[in-house]
Amino acid sequence: MSFCDISNPNNAMMPFEDAMSRMLNSISPIEDYEDSKLEDCLGRVLAVDIQSPLNMPPFDNSAMDGYALCANDLSTESSPTLRLIGTALAGVPFESAIGDGECVRIMTGAQLPQGCDSVVMQELVAVDNNNITFKQPVTIGQSVRRCGNEFKQGEIVLKRGDVISARHIALLASLGLATVKVVKQLTVAIFSTGDELIALGQPLQAGQIYDSNRFALIAQLKKMNISVLDYGVIKDNPQHIKAAFEKANQQADAVITSGGVSVGEADYTKDILQELGEIDFWKIAMKPGKPMAFGRLSQSLFFGLPGNPVSAMVTFYQLAKPALKKLSGAAPVAPLKLLATVTNDLKKSIGRLEFQRGFASSDDNGLLSVSTTQEQGSGLVGSMCHANCFIILARESGNIIKGEQVMIEFFDNNLME
Ligand code: AMP
Ligand code: MG
C-alpha cells in the first residue's frame, strides 16, 4: 500500500469511501487467541467456527403439556379414546413403550416415549380417570420437537468473527460449551494533545478548556470491549509526543490521539508519526472530521483524530471503529441505513460527505421522520447528546428541503447506551 505525501497541505481531499477501503485493506486481524469461560465472553470475538457437538434438540420431545400417542393408533371414530398408562416429565422420561390404544401424560420438554409420534395439547382432550378422549383429529408429528430439527451434530452454528452477544451465549450454553476460543482482547493506548487542555476538576485559566475527547473515546472503546491504556494529556511538545508514541508502540495494538492533525502551528502529531512510522491520508472529504490521520508504527496502528469534539467522536465512530473491529477479527457488519423524511431544511455544501446529527422517530404506521439537532458545528457536543442517528448526506448533495427523503443511520450502542 502506498502512503500519500502528507507534507503537502494542499493535496486533494480523499473520498470517505476510499479512505475507508484503503484503511481496511491495510489491516489484518490479530492472530492471538485464548480460551474464555462462557460467562466471561460477552462482547468477545469468536476465534473459530463452532460446530455443534450434538443434535439440537438432542432427543424428540414435547412442545406442549398434553398427551403423547401414536397418531395411527387413533380409530376413525370422531372422538377416539386411549388409555393413560403413565407420565413423562421434563428430565424424568417414561421408561417403557406404549402399546395399542395407550397414551402417556407428557409435559413440555419431556422425552417422547417409545412408540409415540405425536402430542395433543391438554386443552384438546377430555379426561375421565384413565380414559383420554381426543376431540380433534391428530396429525403425525404434531407438537413434537424432533431430534436434530434445529441443527445436526457437526453442523456449523456460529462463525469465526461473530461478536458474542447474549443471543450467542444462549446458543453456546445450549450446546453445553463451558469455554470458547476467542480472539485476545485488543489493547489501545490513547492520549489527547494540546497545551490548552486541562484535567477535569481544575479551575479553567484563560484560554484553557477541559479535555473531553479522551473521555468520550475511552467510553466508546470500553463499549467495544477494548482494554484501554490512558496516557492522559500530552502537551504540544514534540519530544513528549514522540515518547508517548514510542511507549504506545510497545504496549498497544493501536494508538489513538486527538488534536494536532491539522496544519496549525502546534500540530506535531503527523510529523512525528511520519518520522516514527508510516502515515496515510489526513484530509478526508467528510464533515465533521476533515483532518484525520491513519498510519502505523512498527507494532501498532495509529489513528490521529481531529481535536474538535464532534469531529473526534464521528471519525472514531465512522472510521476508527470499523478498523478496530477488523483488527479484532470481528466479521464486518454493514450499518443499517434507512430513509426518513426530514422535517427541517438542511444546509449542505457540495464536496464532502456529511454526518449531520439527527433525531429520528417513527409514526404509528412505522414511517420514519428525522430532524437535525441544534447547530451542527464540529465543536458542539450538545448536538450529539440530543441525537439518536446520523443524517448522511452524499458528497454531491446540496441543500435539502424539508419534506425530502434522507438517509439515516441510527447510533449503535457505542453511542446510545
Ligand atoms: P486541533 O486539532 O489540535 O487544532 O484542535 C482543534 C480544536 O479542538 C481546538 O479548538 C481544540 O482546543 C479542540 N480540542 C483539541 N483536543 C481536544 C480535547 N481533547 N478535548 C476537547 N477539545 C479539544
Ligand atoms: Mg491542538
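The values are calculated or read from the model by the stated rules, or taken from the named source; none is laboratory data. Here the structure is a predicted model, which means the values were calculated and not measured. Note: ideal-geometry Cβ built from the backbone for every residue, glycine included; neighbour counts use all protein chains shown. Side chains are part of the model used for accessible areas, which takes the heavy atoms of the whole protein and leaves out ligands, DNA and RNA. Shrake-Rupley method; radii C 1.70, N 1.55, O 1.52, S 1.80 Å.
Figures for the structure shown
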item: Contacts under 9 angstrom Cβ, first residue in segment 210-225 being free of Cβ contacts under 8 Å to residues at least 12 places away in the same chain and charged (D, E, K, R), partner more than 9 Å from ligand 1 (Cβ to nearest atom) and open to solvent by 20 Å² or more (accessible area, probe 1.4 Å), 6 or more apart; result: Lys222/Val228
item: Qualifying residue in segment 315-338 (condition: among the charged types (D, E, K, R), free of Cβ contacts under 8 Å to residues at least 12 places away in the same chain and not in a strand (DSSP E or B)); result: no
item: Any chance Ala173 is surrounded by 12 or more Cβ atoms within 10 Å (Cβ to Cβ) and at pLDDT 95 or above; result: yes
item: Subset of segment 87-118 [open to solvent by 20 Å² or more (accessible area, probe 1.4 Å) and assigned to a strand (DSSP E or B)]; result: Thr87, Leu89, Val92, Glu102, Arg105, Gln111
item: Answer residue from segment 232-251, given it is within 30 Å of Cys41 (Cα to Cα) and more than 14 Å from ligand 1 (Cβ to nearest atom) and is surrounded by the fewest Cβ atoms within 10 Å (Cβ to Cβ) among those; result: Gln250
item: Where Ala285 falls short, out of the listed (1) more than 12 Å from ligand 1 (Cβ to nearest atom); (2) part of a helix (DSSP H, G or I); (3) in contact (Cβ under 8 Å) with a residue 60 or more places away in the chain; (4) open to solvent by less than 20 Å² (accessible area, probe 1.4 Å); result: (2)
item: Total residues in segment 122-163, condition part of a loop (DSSP other than H, G, I, E, B) and either touching a Lys or Arg at 6+ places or on another chain (Cβ under 8 Å) or open to solvent by less than 60 Å² (accessible area, probe 1.4 Å) (or both); result: 10
item: Residue count, segment 367-396 (criterion: within 22 Å of Lys222 (Cβ to Cβ), open to solvent by 40 Å² or more (accessible area, probe 1.4 Å) and in contact (Cβ under 8 Å) with a residue 40 or more places away in the chain); result: 1
item: Options Gln185, Gln142; residue that is closer than 30 Å to Leu305 by Cβ and polar (S, T, N, Q); result: Gln185
item: Cross-chain or 6+ apart pairs with Cβ under 7 Å, segment 397-415 first and within 26 Å of Ser165 (Cβ to Cβ), then aromatic (Phe, Trp, Tyr); result: Ile408/Phe390; Glu409/Phe390; Asn414/Tyr317; Leu415/Tyr317
item: Subset of segment 208-231 (residues that are open to solvent by less than 70 Å² (accessible area, probe 1.4 Å) and within 15 Å of ligand 2 (Cβ to nearest atom)); result: Gln208, Asp211, Ser212, Asn213, Arg214
item: Leu200, sole failed condition from (1) surrounded by 12 or more Cβ atoms within 10 Å (Cβ to Cβ); (2) out of contact with any helix residue (DSSP H, G or I) (no Cβ under 6 Å at 6 or more places or on another chain); (3) at pLDDT below 95; result: (1)
item: Segment 256-274 residues that are under 14 Å from Ile234 (Cβ atoms) and open to solvent by 40 Å² or more (accessible area, probe 1.4 Å), paired with ones that are within 11 Å of ligand 1 (Cβ to nearest atom) and at pLDDT 80 or above (beta carbon under 7 Å, 6 or more apart); result: Tyr268/Asp236; Tyr268/Gly260
